[in-house]
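**Student:** Handing you this structure, nothing more for now.
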């Protein structure tokens, strides 16, 4: 157990506390956890149950996050644990994200251990991923600061559902984020995720304002979040962030509590066709189609990067510039 940050006494008599990490602002009685299932009130103090405790540890291609514009072709040390403040019906990592820590076999990994392994295996840094990493906020904050001291990068793969104050405190230690935009409709968030849309959009907007690299992922689910009107609204909002922000349309497959058919490839291509009218970098994920995963220079259309699955080959990219026309592109190398 590790005492949590961002909570306050709610009722001194009953020893109830209010967690102030995410927009749920849970009121937590002694012996109970918040919505995330991993932040517990013990006798009037809030503790993280997952500090230094991890369920999944892997070396992943950075493209798997997915991050296509952040050190392409590199590996990253990736860790995840129990807990999430959403309960998405279609969660792809529900085996850990929707479980309580006591239901999983967890492995202790200190910040020193994470940094050591990230360097030992020749990776660019640490990705906090698989479940919702912001629910392990204290560890991420501490580990990311240590990783930076050793020249490593930090990546968050997140639903973006966090209060502004803790986000602003963490962002100086984060080099890149992939933020899930589950839908561009609040009703979808309420019914299928148990959250709200506005705080997620605010998180992305703050990251842009603070000049932190972000990429966005939209899991396209047939008949639920794939209407042309919704996709146009999503595209317009991403364009307001910047036309060079990469947008990934990811193919849905039946998972957890959702049994709808997989996303037809045609629907993914239609979504991409809408987005590329305004955005420079739009990709299709969870499919093995080379063309929709490649990166081209938005100025001269030279092929910069090829991707087959997670295998990335640099073709005409040199220090963030097109090797043919010299155009600067939004890719960090």
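The values are calculated or read from the model by the stated rules, or taken from the named source; none is laboratory data. Note that the structure is a prediction, hence the values are computed from the model and not measured. Cβ coordinates were reconstructed from backbone atoms using ideal geometry, including for glycine residues, and neighbour counts include every protein chain displayed.
**Student:** Only one of 138, 95 is touching a residue at least 24 places away in the same chain (Cβ under 8 Å), part of a helix (DSSP H, G or I) and more than 13 Å from the chain's Cα centre (by Cα); which? Quick ask: steps written out before the conclusion?
**Tutor:** Working: 95 fails: touching a residue at least 24 places away in the same chain (Cβ under 8 Å).
From the options 138, 95, the qualifying one is 138.
**Student:** For the list (1) under 18 Å from residue 217 (Cβ atoms); (2) outside the structural domain of residue 75 (by TED's automatic domain parsing); (3) in a loop (DSSP other than H, G, I, E, B), I need the number of the one condition that residue 278 fails.
**Tutor:** Unmet for residue 278, out of (1) under 18 Å from residue 217 (Cβ atoms); (2) outside the structural domain of residue 75 (by TED's automatic domain parsing); (3) in a loop (DSSP other than H, G, I, E, B): (2).
The rows are residues; the columns are (1) exposed (fewer than 15 other Cβ atoms within 10 Å of the Cβ); (2) touching a helix residue (DSSP H, G or I) at 6+ places or on another chain (Cβ under 6 Å); (3) touching a residue at least 40 places away in the same chain (Cβ under 8 Å); (4) farther than 17 Å from residue 68 by Cβ.
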position	(1), (2), (3), (4)
280	no, no, yes, no
285	no, no, yes, no
296	no, no, no, no
300	yes, no, no, yes
306	no, no, no, no
316	no, no, no, no
326	yes, no, no, yes
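**Student:** Given the criteria in contact with a strand residue (DSSP E or B) (Cβ under 9 Å, 6 or more places away or on another chain), modelled with pLDDT of 95 or more and crowded, with 21+ Cβ neighbours inside 10 Å, does residue 101 qualify? Talk me through it step by step, then tell me what you get.
**Tutor:** Numbers: in contact with a strand residue (DSSP E or B) (Cβ under 9 Å, 6 or more places away or on another chain): yes; modelled with pLDDT of 95 or more: yes; crowded, with 21+ Cβ neighbours inside 10 Å: no.
No: the conditions fail for residue 101.
**Student:** Read through the list (1) in contact with a strand residue (DSSP E or B) (Cβ under 6 Å, 6 or more places away or on another chain); (2) surrounded by fewer than 21 Cβ atoms within 10 Å (Cβ to Cβ); (3) at pLDDT 95 or above, then give the number of the only condition that residue 26 fails.
**Tutor:** (2)
**Student:** Something else now. Only residues that are under 19 Å from residue 98 (Cα atoms) and surrounded by fewer than 24 Cβ atoms within 10 Å (Cβ to Cβ): list them for the range 32-48, please.
**Tutor:** 32, 33, 35, 37, 40, 47 - these are the residues of the range 32-48 that are under 19 Å from residue 98 (Cα atoms) and surrounded by fewer than 24 Cβ atoms within 10 Å (Cβ to Cβ).
**Student:** From the list 155, 200, pick out the single residue that is in the same structural domain as residue 276 (by TED's automatic domain parsing), assigned to a helix (DSSP H, G or I) and surrounded by 19 or more Cβ atoms within 10 Å (Cβ to Cβ).
**Tutor:** Values: 155 fails: assigned to a helix (DSSP H, G or I).
It is 200.
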